[in-house]
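First up is the structure itself, then whatever we jot down about it.
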Amino acid sequence: MRSCPLPSGASMPVFGIGTWRMGENNRRRAQELDAVRHALDLGYPLIDTAEMYGEGVAEEIVGEALAGRSQRPFIVSKVYPHNATRRGTVAACERSLKRMGIERIDLYLLHWRGGARLSETFEAFHHLREAGKIADFGVSNFDLGDMEEASRLDKGLTASNQVLYCLSRRGPEFDLLPWMRRRSIPLMAYSPLDQGRLLGTAALKKVAAELRCTPAQLAIAWLLAQPGVVTIPKSASRERVKENLGALDVTLTPEILAELDRAFPPPKSKQSLAML
Ligand SMILES: NC(=O)c1ccc[n+]([C@@H]2O[C@H](COP(=O)([O-])OP(=O)(O)OC[C@H]3O[C@@H](n4cnc5c(N)ncnc54)[C@H](OP(=O)(O)O)[C@@H]3O)[C@@H](O)[C@H]2O)c1
């Protein structure tokens, strides 16, 4: 599996499973756990979660899926903005570690801006890193101006910015993604399927049929073809977890990429960062 180098010298796999909406309904818990376990059995190298997802239950599911394994994937989790004070961030991280039954989070993100002062959150991130509780830190839903502000506080260590980015929402390509690329900061593309909305698009279906892959595989493969981009499709179904991994085997030629550009044009001007 390909990975992206991070400013700290560590690296992050370019593909993983998302867990938003997991842990929200006890009746779906067994199926969600089964899907995360299946992803790990198939070799998914990264799990993306957050204290917000199921108010901690998604992290518990991740912990259950990890239990008893000799190798563990790269783990990403996130702190709520309202917890992101100097002390609150440290306490939230400790709760997340406990729920997942792990000693260290590989990448710990501020979920979105708001609440605490950014300087306090970064102070806590530096402290957690020095204490070995997180390996790297970063942000989420940060537009260019926020990234510039973060870069004044991060001692060159912001490892990623997780934002909404997929074929039907290409706004970050105008300025945010180039800015991040110049600094070798990988962009984590969330909602790669636009939460399923992208999959019914006629143009996507047509190109997928030409390539003999599924629309979901094509949408994910397109993101994986973008330099410096990591993506994290979520599925709570065994079959779809396997299907989504198949995106890694889809090769996109320059002609196919051009056809996708015609159907889903890149931005010609600045667009405010969209958020789900
Ligand atoms: N930082 C942030 O603010 C933020 C915001 C949003 C998301 N995220 C992260 O990014 C992850 C992915 O984004 P997302 O969950 O919003 O959306 P997504 O991955 O684009 O789409 C997930 C939806 O698509 C369905 N799906 C998955 N694979 C499919 C396939 N092969 N065919 C048809 N349908 C399929 C899933 O249903 P089933 O589960 O039933 O398969 C689910 O309803 C999240 O889980 C979360 O970890 C972060």
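A few notes on this one:
- Among (1) hydrophobic (A, V, I, L, M, F, W, C); (2) away from the ligand (no atom under 11 Å from the Cβ); (3) in a strand (DSSP E or B), the one test that residue 76 misses: (2)
- Each residue in the range 222-239 was checked for being more than 15 Å from the chain's Cα centre (by Cα), assigned to a helix (DSSP H, G or I) and among the hydrophobic types (A, V, I, L, M, F, W, C), and 1 pass.
- Output for the range 1-56, where each listed residue is of a type in the set (S, T, N, Q) and farther than 13 Å from residue 75 by Cβ: 3, 8, 11, 25, 26, 31
- Unique residue being away from the ligand (no atom under 16 Å from the Cβ), more than 22 Å from residue 50 (Cβ to Cβ) and over 22 Å from the mean Cα position of the chain (by Cα) when the list is 270, 205: 270
- Any hit, the range 55-77, residues being at positive phi and of a type in the set (Lys, Arg): no
- Candidate set: the range 25-44, residues that are within 13 Å of the ligand (Cβ to nearest atom) and outside any helix (DSSP H, G or I); chosen: the one surrounded by the most Cβ atoms within 10 Å (Cβ to Cβ): 44
- Scanning the range 158-196 for residues that are away from the ligand (no atom under 15 Å from the Cβ) and surrounded by fewer than 19 Cβ atoms within 10 Å (Cβ to Cβ) gives 173, 174, 175, 178, 179, 181, 182, 183, 184.
- If you go through the range 201-218 and keep only what is free of Cβ contacts under 8 Å to residues at least 12 places away in the same chain, in a helix (DSSP H, G or I) and surrounded by fewer than 16 Cβ atoms within 10 Å (Cβ to Cβ), you end up with 202, 205, 206, 209.
- For the range 41-56, the condition of being more than 17 Å from the chain's Cα centre (by Cα), of a type in the set (A, V, I, L, M, F, W, C) and modelled with pLDDT of 95 or more holds for at least one residue.
- Output for the range 219-239, where each listed residue is within 9 Å of the ligand (Cβ to nearest atom), farther than 26 Å from residue 184 by Cβ and in contact (Cβ under 8 Å) with a residue 60 or more places away in the chain: 234, 235, 236, 237
- All of 134, 102 fail the test of being free of Cβ contacts under 8 Å to residues at least 40 places away in the same chain and more than 16 Å from the ligand (Cβ to nearest atom), apart from 102.
The values are calculated or read from the model by the stated rules, or taken from the named source; none is laboratory data. Predicted model only: the values in this text are computed from it and were never measured. All Cβ positions, glycine included, derive from the backbone under ideal geometry; neighbour counts span all protein chains shown.
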